[in-house]
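Dropping the structure in here first, questions after.
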Amino acid sequence: ILLESALRRALEAGELQLHFQPQVDMDDGRPIGCEVLARWHHPELGTVSPARFIPLAEETGLILELGAWVLENACRLAKGWLDRGLDFGRIAVNVSGCQIRHRVICDQVAQALARSGLPPSRLELEVTEGFIMEKAEDAIGILEALRDQGITLAIDDFGTGYSSLVYLKRLPIHCLKIDQSFVRDLPEDREDAAICQAVIALGQALGLETLAEGVETEAQRRFLLQHGCRLGQGYLFSRPLPAEAFEKWLTR
Ligand code: G
Ligand code: G
Ligand code: MN
Ligand code: NA
């Protein structure tokens, strides 16, 4: 309860910050996008990990406000970059299943785009597999409404939930994000290598982009590229960066 009221206050006090992790074309290193990751700098607790405060926000319903705040600020910053001629590609925002389940996501996206003036094609939403499959029929309708706003959709942590291939075919998504747990032990681990190859082939067969997460080594980058996964994100390219550092990274 202490943490809950602290989080509520944090939203108002500006203790939440957005970091941006570059996503690149692993062939030439060109930036193709960035993932937005929320950070909480608590005056006494220090930095609280989103792995800790996002679940809390979901339990308390605060995720609806927090999610709206993240979307608005991410779109506003991204529009500023465009105005200054910084080409970041697209900006990928994580959304919680709660935002979709309560159907607030369509209005939140419309409002963030309208207020910021960011072209919809610049915004991508990352949704987790587990949530989509849990209520697949509902999810399809909501995701279609989002796509109709002109944004793109990615499935986050792909392979860790339980995807039905039937739904995958019907979902209006455009990118599969290969979970970092499958990338970590590449290229030595034969099972992980097989899983990555299968996901890449699935993406190709369905006409979807695949983006590998958690790429940390040159050997991982080479393996993924060789097997047809061009897009990647991870410490090999850059850690998540505060806005100013990300702007510098773009103009490096
Ligand atoms: O940034 P990493 O550093 O620790 O993030 C941990 C987890 O928190 C990831 O699973 C990420 O998807 C999630 N996360 C980070 N920022 C946000 C956000 O703004 N909204 C939601 N729903 N999840 C987020
Ligand atoms: O669940 P989601 O994929 O949204 O969260 C991304 C998480 O992965 C964040 O916590 C981010 O800080 C972390 N991350 C990003 N790149 C790397 C990496 O190369 N290695 C590891 N171990 N974690 C990473
Ligand atoms: Mn993500
Ligand atoms: Na992920």
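The values are calculated or read from the model by the stated rules, or taken from the named source; none is laboratory data. Predicted, not measured: the structure shown is a model, and the values here were computed from it. With ideal geometry, Cβ positions are generated from the backbone for all residues, glycine too; neighbour counts draw on all protein chains shown. What goes into the accessible areas is simple: the full protein's heavy atoms, side chains included, and nothing from ligands, DNA or RNA. Shrake-Rupley method; radii C 1.70, N 1.55, O 1.52, S 1.80 Å.
Roughly how big is the stretch 67-171's charge dipole about its Cα centre, with Cβ charges of +1 (Lys, Arg) and -1 (Asp, Glu), in debye to the nearest 20?
It comes to approximately 280 debye.
Now a separate question. Quick one: with all protein chains in place, what share of the accessible area of the stretch 77-215 is carbon or sulfur, to the nearest percent (1.4 Å probe)?
49
Suppose every K and R has +1 on its Cβ and every D and E has -1 on its Cβ; what is the size of the dipole of the chain about the Cα centre, in Debye to the nearest 20?
So the magnitude is around 580 debye.
Which value, in debye to the nearest 20, gives the size of the charge dipole of the stretch 164-252 about its Cα centre, when Lys and Arg are +1 and Asp and Glu are -1 at the Cβ? Present the calculation step by step, with values, prior to reporting the outcome.
Values: 11 positive and 12 negative charges, 71 e Å.
Charge dipole of the stretch 164-252: 340 debye, to the nearest 20.
Continuing with the same structure: Extension gain E188-K169, at 0.36 nm per residue separation less the Cα-Cα distance, in nm?
Here the answer is 3.7 nm.
Which one, L250, H42, I155, projects farthest toward the positive side of the charge dipole computed for the chain from Cβ point charges (K/R +1, D/E -1)?
L250
Follow-up. What is the percent carbon and sulfur in the accessible area of the stretch 6-48, measuring with a 1.4 Å probe over the protein chains and ignoring ligands?
Within the stretch 6-48, the accessible surface is 47 percent carbon and sulfur.
Along the Cα→Cβ direction, 7 angstrom out, place labels at E65 and E137. What is the inter-label distance in nm?
Between E65 and E137, the label points sit 3.5 nm apart.
What is the extension gain from Y235 to E12, computed as 0.36 nm multiplied by their sequence separation minus the C-alpha to C-alpha distance, in nm to one decimal?
Between Y235 and E12, full extension yields an extra 77.1 nm.
Whole-Hz Karplus ³J(HN,Hα) for the stretch 235-246, in order, using 6.51 cos²θ - 1.76 cosθ + 1.60 and θ = phi - 60°, x for Gly and Pro?
Karplus values, whole Hz, x for Gly and Pro: 4, 4, 9, 5, 6, x, 10, x, 3, 5, 5, 5.
With equal scatterers on the alpha carbons only and no solvent term, can you work out the Debye log10 of I(q)/I(0) for the chain at 0.07, 0.11 1/Å?
The computed values of log10 I(q)/I(0) come out as -0.23, -0.59.
Let me ask something additional. Would you mind getting the accessible area per residue of the chain, heavy atoms of the protein chains only, 1.4 Å probe, in Å²? Walk me through the intermediate numbers first.
Numbers: 11590 Å² over 252 residues.
Normalised by residue count, the accessible surface of the chain is 46 Å².
Go ahead and estimate [θ] at 222 nm for the chain from helices alone: -39,500 (n - 2.57) per DSSP H run with n ≥ 4, summed, over the residue count, rounded to 500.
About -14500 deg cm²/dmol.
Y162 label point, 7 Å along Cα→Cβ, cut-off 13 Å on backbone N: hits in the stretch 98-137?
130-136
Computed over the Cα atoms of the stretch 145-252, what is the ratio Rg over Rh, Rh following Kirkwood?
Result: Rg/Rh = 1.00.
Under a Cβ-Cβ cut-off of 12 Å, what is the net charge of the residues other than F246 that fall near it, where Lys and Arg count +1 and Asp and Glu count -1?
On the way: positive: R239, K248, R252; negative: E35, E244, E247.
Residues close to F246 contribute a combined charge of 0.
How many lysine pairs in the chain, separated by 8 or more positions in sequence or lying on different chains, have Cα atoms less than 23 Å apart?
Count of close lysine pairs: 4.
Additional query: Using the Cα atoms of the stretch 163-207 to build a convex hull, what is its mean projected area in square nanometres?
The orientation-averaged projected area of the Cα hull of the stretch 163-207 comes to 3.2 nm².
Among residues other than I63 whose Cβ falls under 13 Å from its Cβ, what is the net charge (Lys/Arg +1, Asp/Glu -1)?
That works out to -2.
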